[in-house]
Structures are given as C-alpha cells and as structure tokens.
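> There's a structure below that I have some questions on.
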Amino acid sequence: MSADNEVIERSGDEPGAFASIYDRHAPAIYRYASQRLGDHAAEDVMSETFLVAFEKRAGYDLDVVDARPWLLGIATRLMRKHVRLEARAWKGMVADVAAQLAPDVIEQAGARLDAARLTRRLASALRKLSASDRDTLLLYAWGDLDYAGVAAALDVPIGTVRSRLNRARRLLRDAAERPGTPETEQETDHGRTDAAAQHA
C-alpha cells in the first residue's frame with residue numbers, strides 16, 4: 001500500500017488514484033465532523049473536505065507522509081461555516097464531551113459531586129473557549145492527533161498548540177474542581193506520545 005504523499009503525488013497524473021485517500025480517511029473525517037456537528041451535517045462536511053482536498057492536492061507538502069492532519073485541518077475550516085449548528089449540537093453533547101475530554105476528573109469527582117452539576121460546569125467552560133482553542137482541543141481529543149498533527153492541521157507552530165491545549169485544560173480543570181481541592185499539575189497523555197515534546 002502506498003503512503004498518502006505518494007498517492008497524492010500520483011493523483012496529479014492519475015486523478016482516480018485520489019480515491020484511495022478518500023477510502024483511507026473518510027471514516028475519520030466523518031467521525032470528527034459528526035462529533036462536532038452531528039450526523040446531519042457530517043456527510044456534507046466530509047464530502048466537501050475531500051472535494052477541497054482534491055482541488056488543492058497540487059499544493060500538498062509531499063514531505064508529509066500522512067494526509068490525515070491536512071484533511072482534518074480542511075474539515076475544521078469548513079466547519080466554521082456551520083458555527084450555528086455546532087452551538088446547538090453542543091447542548092446535546094455536553095455529557096459526551098465531558099466523558100471524552102475529562103474522564104479522570106469525572107471519575108474522581110463522581111463520589112464528591114453530583115454528575116449533572118459537574119456536566120453543567122464543564123459545558124460552561126467549553127462555551128468559554130475561543131474558537132481556535134476549541135478547534136485545537138477537539139482535533140487533539142476527537143481527531144486523535146498528536147501535537148504535531150494538530151499543528152499541521154491548523155497550520156500553526158507546535159508551541160501554539162501547546163499553549164492552546166494548556167489553556168483549554170486549565171479552564172476545564174478549574175471548572176471541574178471543587179473549591180478547596182488542590183490543582184493537579186500533572187498532565188495525562190492518554191496513551192499518545194508527543195514526539196515534538198520528547199525532542200524539546
């Protein structure tokens with residue numbers, strides 16, 4: 001099986017070759033869009049993502065082997081068109097978001113806090129995030145990208161990704177903590193390694 005960059009390069013002469021990029025990455029793009037906007041808009045975002053990617057494939061950086069960050073970046077930009085839909089979807093997904101973004105905090109707080117109250121506080125914290133911080137957080141959490149992948153998707157430096165995730169984590173942690181509970185400064189990697197941090 002050819003790497004994504006090889007397929008994209010070949011698709012310049014053989015446009016049909018780009019179909020394998022769709023086959024490889026469509027489920028991940030759909031899943032990400034569905035979690036952000038709901039199933040009703042996910043199909044449109046996914047289709048539009050691959051249309052834009054196909055049209056812009058000549059500008060793809062062939063040194064980058066994996067096209068998933070590039071595709072998720074396109075999808076994220078397209079989703080900005082759907083901001084009103086996303087705002088409505090957030091209300092229905094608050095419990096799911098809380099479970100996926102802060103599982104350790106929710107487990108610890110389960111014995112101490114009413115889950116509905118914690119969910120409301122986390123939802124309020126998520127609404128306070130800027131669009132760029134929310135995009136960064138959701139690409140990391142739902143797009144399952146590492147820091148370098150998020151940076152590539154949003155076309156920002158890795159340091160910016162670190163700052164945005166730190167801000168988002170701090171806001172979520174502050175919202176989840178009970179008054180008088182000391183803050184936990186240790187970050188959890190949730191099974192992913194950040195190659196950029198290891199080389200820093």
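Here, each number is a calculation from the coordinates, and none is a lab measurement. Since this is a predicted model, take the numbers as computed values, not measurements. Positions of Cβ are backbone-derived with ideal geometry, glycine not excepted, and every protein chain shown enters the neighbour counts.
> Would you calculate the separation in nanometres between label points at Asp13 and Arg117, each defined as 7 Å from the Cα along the Cα-to-beta-carbon direction?
Simple spin-label model gives 6.7 nm for this pair.
> Taking the Cα-to-Cβ direction at Ala3 and at Leu62 and moving 7 Å from each Cα, how far apart do the two end points lie in nm?
Modelled inter-label distance: 1.2 nm.
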